[in-house]
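Read-outs throughout are calculated quantities, based only on the coordinates presented, and are distinct from any laboratory measurement. This is a predicted model, so every value here is computed, not measured. Don't worry about glycine lacking a Cβ; one is built from the backbone with ideal geometry, like all the others, and counts go over all protein chains shown.
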């Protein structure tokens, strides 16, 4: 069986037809689907470029192909291309396809009505929460309140009507976007299966999206602290302020004002970098902050984590953050905000309210003042990260894929019989 995966990520295409991505969704990512499906077509926004962008890796390959949607960024560009996008959505699902939507996603919002009209079963992989993404302070846009309500409503509908749902969290996203017994409702309209058989098909799965190789794990720090200066590290995109780098800068300024010698390393890049550099300057801590920019995934980031004393992620919104899990796997003490799936990774003692500068500054100082607590955090984080090993997660993913495959096969059989 073939699989069509709808994803919100943006890709580049060179003149030879090759598809390229930066960090996320490389060819290795798509291999997980091939354990259950013969081939995968990826439905995504694709931009044509003259040459391979710097730091990009190949995303397509054997058994992995792409369906290009007109490239756009933001609501205004989307509106200009909406008609062309709808035309593609109307015809993109081919006979024999199993469909998986990675949500929340505007492309999924476009495809969903056509799936509903056809009665086509589909699975959802819930990797983010639009209610938090569009929360006040997370994004600056005049349509933010409307977009928040719209994406929340659409994701609720998609999860409620999916034949199976995979969530990157264990509880957080499930409670806000439940699958709601949709297999039985699909059966009544589309699939001639006995109710007992349907009840035996599992519908909801908790599967982190992270991919950690064995060399991602280190039971102790590799490089000890140098020169007595505390080294904090942050990893996250600066394309928006979702990850709270502005909150972290303000908290570090408070720590420095209280006499704590520190050095903050920010790994990531995006349009807000210049604004954050100006913020560090105005706070008087520019000499204490290093903007590393975008680093390639893997060893380069692990090296930075191994040099650090504390990982800090004061996100305004999250699913289950890969960067935090990577830091935990390196046995780093971690502090983060209590949003999304983060409370499933860290205990309350290591969490702060999102957007609270004073609480974050106090928490940093508390942790640094207690070496014994740091050692406890290292040990606890490393053990928790073991639960998210790739071999464990892939087994759960395959169970989800097989549920989607099973229900799709039954639906297709029913249609042929009719």
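Segment 265-338 and segment 1-66 have their alpha-carbon centroids 27 Å apart.
Over segment 107-157, what is the relative contact order in whole percent, taking alpha-carbon pairs under 8 Å and six or more residues apart? All intermediate terms of the calculation are to be shown ahead of the outcome.
Working: 21 pairs, mean separation 15.5, N = 51.
Rounded, it is 30 percent for segment 107-157.
A simple spin-label model places the labels of residue 395 and residue 62 2.7 nm from each other, with each point 7 Å out along Cα-to-Cβ. Compared with the dominant Cα axis of the chain, that is its longest principal axis, helix 273-282 is turned about 20°. Fully extending the segment from residue 160 to residue 300, taken as 0.36 nm per residue of separation minus the present Cα-Cα distance, adds 46.3 nm.
With the chain treated as a Gaussian network of Cα nodes joined by springs under 10 Å, which of 299, 240, 22 yields the largest mean-square fluctuation? Sorting by GNM fluctuation, first place goes to 299.
Calculate the all-directions average of the projected area of segment 376-418's alpha-carbon convex hull, and give it in nm².
On the way: hull surface 13.3 nm².
If you wrap the Cα atoms of segment 376-418 in a convex hull and average its projections, you get 3.3 nm².
Among 117, 373, 45, the largest mean-square fluctuation in a Gaussian network model of the chain, built with springs joining Cα atoms closer than 10 Å, belongs to 117.
If you stretched the chain out fully between residue 417 and residue 386, how much longer would it get, using 0.36 nm times the residue separation minus the C-alpha to C-alpha distance?
Working: separation 31, 0.36 × 31 = 11.16 nm, distance 4.70 nm.
Stretched out fully, the residue 417 to residue 386 stretch lengthens by 6.5 nm.
How much space per residue, in cubic angstrom, does the convex hull of the C-alpha atoms of segment 290-418 take up? Let's see the in-between values first.
Details: hull volume 19.9 nm³, N = 129.
About 154 Å³ per residue, rounded to a whole number.
So the label point goes 7 Å from the Cα of residue 348 along Cα→C-beta, right? Which residues of segment 361-376 then have their backbone N under 17 Å from it? Counting backbone N atoms under 17 Å from the label point, the list is 363.
For the chain, the longest principal axis of the Cα atoms and the long axis of helix 371-386 meet at an angle of about 20 degrees.
A Förster radius of 41 Å combined with the Cβ-Cβ distance from residue 372 to residue 211 puts the calculated FRET efficiency at roughly 0.80.
Summed over qualifying helices (DSSP H, 4 residues or more, each -39500 (n - 2.57)) and divided by its residue number, the chain shows a 222 nm mean residue ellipticity of -12500 deg cm²/dmol. Here the chain is treated as an ellipsoid with the same Cα gyration tensor; its semi-axes, largest first and in whole Å, are 39, 23, 20. Here each label is just a point 7 Å from Cα along the line to Cβ, and for residue 274 and residue 358 those points are 3.4 nm apart.
Taken over the C-alpha atoms, segment 214-388 has Rg and Dmax values of 14.6, 42 angstrom.
Name the residues of segment 77-120 whose amide N is less than 14 Å from a point 7 angstrom out from the Cα of residue 1 along the C-beta direction? The answer is 94-101, 120.
Just want to confirm a number: the relative contact order over segment 214-388, from Cα pairs under 8 angstrom separated by 6+ residues, in percent. Walk me through the numbers on the way to the answer.
On the way: 319 pairs, mean separation 47.4, N = 175.
27 percent.
Size of segment 296-356: Rg and Dmax of its alpha carbons, in Å, are 11.4, 32.
Angle of helix 144-161 to the longest C-alpha principal axis of the chain, folded into 0 to 90 degrees and rounded to 10: 50°. Have a look at 399, 170, 366 and tell me which one the Gaussian network model of the chain (Cα, springs below 10 Å) gives the largest fluctuation. Highest fluctuation of the listed residues: 366. With each label modelled as a point 7 angstrom along the Cα→C-beta vector, the residue 239-residue 86 pair spans 2.6 nm.
Projected onto their three principal axes, the Cα atoms of segment 228-326 cover extents of 33, 30, 21 Å, largest first. Could you work out how far the C-alpha centroid of segment 85-140 sits from that of segment 235-257, in angstrom? Taking the Cα centre of each part, segment 85-140 and segment 235-257 sit 32 Å apart.
At a threshold of 8 angstrom on Cα-Cα distance, excluding pairs fewer than six apart, so keeping six or more, what relative contact order does segment 79-130 reach in percent? Please list the in-between numbers first.
Details: 40 pairs, mean separation 21.2, N = 52.
Taking the mean separation of contacting Cα pairs over the length of segment 79-130, I get 41 percent.
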